[in-house]
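Since the structure comes first, as C-alpha cells, the remarks are kept for the end.
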Amino acid sequence: MEKIRVHPQQGDSETVVECEAPVKDQRMVTDSGGHTEHRYIIETTLSLGAMEWQAEVTLTDRDSMKFRKNQNVKMRLIYQ
C-alpha cells in the first residue's frame, strides 16, 4: 500500500487529504513538455452516475506547477 497525500486546493499546502492505495505498477512517463519521470500507477474506481469503471491512474507531484489543471489527469479505462 502506498500512502498518497494530496493538497486539493492550489496554493494551500496546509490542507492535506491522505489515503492509501496498492501500487499496481511503476513506469517511466513522458509529460506534455517532453520530461520523463518515474511514476507510480494505482488502480481506482471511476464513477459517473450509476456507472463504474476500474481505471489506472499515474501519480505525480504537481505542487510546483503555476496552474494545476485537473484535465491533465490521464486514465486508461479497463473494461470488465
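For this structure, a couple of remarks:
- Whole-Hz couplings from phi, Karplus 6.51/-1.76/1.60, listed for segment 44-61; x for Gly and Pro: 9, 8, 9, 10, 9, x, 8, 8, 9, 9, 7, 9, 8, 10, 8, 10, 8, 8
- Residues in segment 16-23 carry Karplus couplings, in order, of 10, 10, 10, 8, 10, 8, x, 7 Hz; the curve used is 6.51 cos²θ - 1.76 cosθ + 1.60 with θ = phi - 60°, and Gly or Pro positions show x.
- In segment 1-66, the GluC sites (Glu not before Pro) that fall in loop regions by DSSP, at most 10 other Cβ within 10 Å: GLU14
- Taking amide H atoms as placed 1.01 Å from N in the peptide plane, the amide H of ILE4 lies under 5 Å from those of CYS19, GLU20, ALA21, each 5 or more residues away in sequence or on another chain.
- Separation in nanometres of the label points that stand 7 Å from Cα toward Cβ, at GLU37 and ASP12: 2.3 nm
Rule-based calculations on the coordinates, nothing more; no lab input. Note that the structure is predicted; figures quoted are calculated from it, not measured. Positions of Cβ are generated from backbone atoms using ideal geometry, with glycine treated the same way; all protein chains shown enter the neighbour counts.
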